[in-house]
Structures are given as structure tokens and as C-alpha cells.
1. Can you find, within segment 484-506, the residue that is farthest from residue 464 (Cα to Cα) among those that are surrounded by 13 or more Cβ atoms within 10 Å (Cβ to Cβ) and in contact with a Gly (Cβ under 7 Å, 6 or more places away or on another chain)?
2. In the set 331, 281, which member is buried (at least 20 other Cβ atoms within 10 Å of the Cβ) and among the acidic types (Asp, Glu)?
3. (1) in contact (Cβ under 8 Å) with a residue 24 or more places away in the chain; (2) surrounded by 21 or more Cβ atoms within 10 Å (Cβ to Cβ); (3) out of contact with any Ser or Thr (no Cβ under 6 Å at 6 or more places or on another chain): which one isn't true of residue 289, the others all being true?
4. In segment 480-511, how many are under 26 Å from the mean Cα position of the chain (by Cα) and touching a residue at least 40 places away in the same chain (Cβ under 8 Å)?
5. So which residues in segment 416-439 are in contact with a Ser or Thr (Cβ under 6 Å, 6 or more places away or on another chain) and over 27 Å from residue 368 (Cβ atoms)?
6. From the list 89, 162, which residue is at pLDDT below 95, closer than 30 Å to residue 343 by Cβ and either crowded, with 19+ Cβ neighbours inside 10 Å or within 19 Å of the chain's Cα centre (by Cα) (or both)?
7. Please enumerate the residues belonging to segment 244-264 that are surrounded by 15 or more Cβ atoms within 10 Å (Cβ to Cβ) and not in a loop (DSSP other than H, G, I, E, B).
8. Grab the strands (runs of 3 or more DSSP E) fully contained in segment 163-239, keeping just those with 2 or more residues being acidic (Asp, Glu).
Amino acid sequence: MAIDSGYKAEAVVIPAEHRWVCAVCGYVHQGTETPGCCPICGATPDLFELHPHTAPHDELIDFDQWTCLNCDYIHLGADPPLTCPVCGLPSDQFKPGRFIPAVTASSEEVLAIVIVGAGIAGVSAAESIRNASPSAVITVLSKEPELPYYRLNLTRYIAGELTVGNLNIHPQQWYQDNDINLCLATELRELDPDSKCLTLSDDQTLSYDRLILAMGAHPFVPPIPGIHRENVTTLRTIRDADAIIAQCRPGLPCAIIGGGVLGLETAGALVRRGVAVTLLEGFGWLMPLQLNQAAGKLLAGYAVGLGITVRTNVKIAQIDGDDRVRSIVLEGGESIPAELVIVTAGVRSNSWLLRRADIDVNQGVLVTDTLQTSREELFAAGDLAEHRGISYGTWAPAQFQGVIAGLNAIGKKTEFAGIPRSNTLKVLGLELYSIGLVQTKDGSYQSFELQNNGQYFHFMFHDGQLVGAILLGDMKLAAAIKNLIEKKSSCTDLLHSRPDVHEVITFIENS
């Protein structure tokens, strides 16, 4: 049985939407109502300001086109965006123009676009397609039964800060109002790029003109003896979070394997529920991919102050128990009590179906700057995609890639030039920001650091440019740092003056 592709000649009526802007961090949410909270900084709905669109979608009139002067990102609408979602430039850095859609609602060439995956990359792709094309037929497939949600807020859900409803990216009505066919609990089983046909988990088939792959990633589970015992779990979905919450009780001994961002945020959430958490990291300090040793050790001290037991430089020999986990045994024989074990050891892209379909895959699905795969009608975004050798695995790049993949799928060429990796902790209550390179590779790198009253600042320069930074305890410089790095601004004059760290901070503040 084939799913009706939904081709139709009548005009699609799309309601006017609003832009809700977080007054704290500037995050922009599109929809008829505010999100349950800001997915970036956690601000409550009352801290969002309404910026209405000044004109509805209408295929009978010209669209305004706005081009970013820095990165050439194209925005379609009556007004420029408040900030460029790719490079962060403000609205006054957009050049106006006119755009008449190449495909109208009456055309027989209406594009059927299927998006596989309903994380932030998939939903952002659907948003950008619908904003630019009222006539496109959009189908979004999600293997999860819940409405698409902010995955990065699962730890805040575990902590009790949010309800399930607060996690949703959009309410159910939003998909109906925007004529987006959202298929929940539907998984891709087979892809045939030659016939442009998908086989789904219920044996139905679905054809497409353009396909956006946003299937994300799955947790990496290291091959530790005993890893499959009961109550050893990962954290990737709402169902994972609910299973963890169901086990929580005051004093429950819990071990978390992996001292990265997710491990720390999970530990902080569980401590708030009274769980006795031991955080295990094989490296010499926490968050080794985002922090240097000094910052990692400061962070460990802060975590200990919250009641988290932190163990670094550990190697796990096995997970012991009977029908369920009882302890973790380290190399050397030490046993750590654990009735709940959560593995937060990174992710791997969900690329196996693409390999079978002869799509070029490395660690992720290989994409160009237009986010096209090795098949020009197939695009990839988010955790699944590998761009210029990088699989970002974080929320902001996934959102940006989704927007750009959506535009390219309808023929509006837009490029993703890459962005510096950045991380912000939200559950531990500590202001921590990490972006770009934070470890000196050789003598050509120059670094400055300051540690004072529990705060830590670290700045890395290379070839006259700021290439990385760490802020611990104070994030006031985060926006300026991000702007300097993304714009690749010259800092040559500053560095030639042989500054101290205070002068570097002043330079960044005034940039």
C-alpha cells in the first residue's frame, strides 16, 4: 500500500505566525505561542517578546528576499530576521531584494518533500520550506510516538524543571495549520534513491521529489562486560528519561559513565532528586573535548559541591550484578555500588541505511556546503551529517543545517560554511561556555587565562585570530567571543601589543 503523497492544486492557506524572541539570550521561536521555556538558556515564557510578522504567506504576491551580507544566507519574508541563523549578524546587515517563487500553487511541478527525522534539524527544515514555499507538500517522519521535542532539555525534565508539554517544539495544531503531514511512530526501513521511494516500518511506501535525512544519532554503548544488565540505560528519548525518573529515590546509588556535557547535566538533574551519583570519566578531567585541564578540574570541584562524586582517570572492568546491576567494578578491583547505570559515552550517526543505499558515508553522511549528499536530490542535516570532516552533534548546528537543507531542497541555494563548536551547561546552575579550540596544538598558538574568585577565563589565538575560549562562572563575554570567532576578526594589533589577560578581556568587551 502506498501513502498518498498529497499532491493538490488548490492553494495552501498558512496562518500568519509570530517570532517570539528570548529577552535573555536572543533565541527566536516561530509559532502562534511561546515555547514552554527557552531551549538555550531556560528562560520562562514570560521572558519572550513578541515580534509579529508584518505580512502573511501569499503565493499571489512577491516575497521579500533578504540576503546576509556576511554569509549569503537567504531569508524570505516581509522583514529580515532579527539575527542571521548562520553567522549571527543583526537584521541591519541584510540586503533587501525581491523573490517570486519559481513554483506556484497551481503548478503541476509542486515538490513532494519528505523529511526523515523530527528532531530540531528535521523540524527546522520543515519550517524553512514552509516559510519559503506555500505549495510544497511536506511530510515529516518520526520513529518516536511523541510530538517533536527539544532533546537537549531532557535533563531539565529529569530534574523536574519542565513537564512533558514544555518539551514540545510546536503544539500539534502548528503542524496542521502549516499543512505539514507529521507521521509519528513511523520508521524508515529501506531507501531506494533510484526510484525515489521509501519503504516504511508498516510496509507502506512513500515517494518523494526531494528527501531530507535528519535521522540523528544513537547512543554509543561501550563493550563492557555486563553492560546489558537490567537498569543499565542510555539517555536519548523521553521514554529513556521516564524510565530513569521511575527508578529515582533518595539515596539510590547511581553511576554515570562519561564525564561530558550530557553526563554532567544528567548527574546534576539526578542529584536534585536526591540520588547518590558517581560520575566516571576515563580522561584526566571532565568535559575533555570542550575544556582544558584547569577548567575541567574547576568544574569537578563545583560538581562535588553539588553532591556529585567525581572519579577521573578510571577504567571500568565490568558491570556486576544478578538479574540487574548492583555495582561497577574498576580495573584494580574497586567496586562502586550502583543500582542504576546511565551510559553517556557519546553518539554514533544513524547511517547504516544510507550505507546500504550506496550513499557516501564516513563517520556521518557526507554532505557538501549545500548539505547535499552524494545523490543531488538527497540532503542531510543534524547529527546524521558530516560536513567538512565534522559531525557537530549539538543543537545549534543541527538547527542551522535544517534551515539550510530545507531551502536548498526547494531550489534556493544557500550554503552552510560551518560554525565553531560551542557548549553551554544548563542543569548544574553554573555558567559555563566553551567554543572552538581550547587546547594548544603547537607553539604557533597563543593563550591567555585568568582564574579569580571561582571564575575562569581562557582565550586561544592563532594566526592573529581568536579561535577558542572558555568562560566559567561568567558568560557576559560569550556573544562577543562568538562574533569574533565566527567573523574571523583580526586581532593582530592586540597581539602585537603583547597584552595581558585583562587587556584581552577589555578588547573582547569593546569588539
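The values are calculated or read from the model by the stated rules, or taken from the named source; none is laboratory data. In this text, all values refer to a predicted model and were calculated from it rather than measured experimentally. Here the Cβ is made from the backbone with ideal geometry for all residues, glycine too, and neighbour counts use every protein chain on show.
1. 486
2. Numbers: 331 fails: buried (at least 20 other Cβ atoms within 10 Å of the Cβ).
Only one candidate passes the filter, namely 281.
3. Condition (2) is where residue 289 drops out.
4. Looking only at segment 480-511, we keep the residues that are under 26 Å from the mean Cα position of the chain (by Cα), and these are 480-489.
Right, trim to touching a residue at least 40 places away in the same chain (Cβ under 8 Å) and you get 481-483, 485-487.
So the answer is 6.
5. First pass over segment 416-439, keeping only residues in contact with a Ser or Thr (Cβ under 6 Å, 6 or more places away or on another chain): 423, 427, 433, 435.
Result: 427, 433.
6. Numbers: 89 fails: closer than 30 Å to residue 343 by Cβ.
The match here is 162.
7. Residues of segment 244-264 that are surrounded by 15 or more Cβ atoms within 10 Å (Cβ to Cβ), as a first pass: 244-245, 247-248, 252-264.
Result: 244, 245, 247, 253, 254, 255, 256, 257, 261, 262, 263, 264.
8. Details: elements: 180-183, 188-192, 197-200, 205-207, 210-213, 217-219, 232-234.
Because the criterion is at least 2 residues that are acidic (Asp, Glu), the strands (runs of 3 or more DSSP E) in segment 163-239 that meet it are 188-192.
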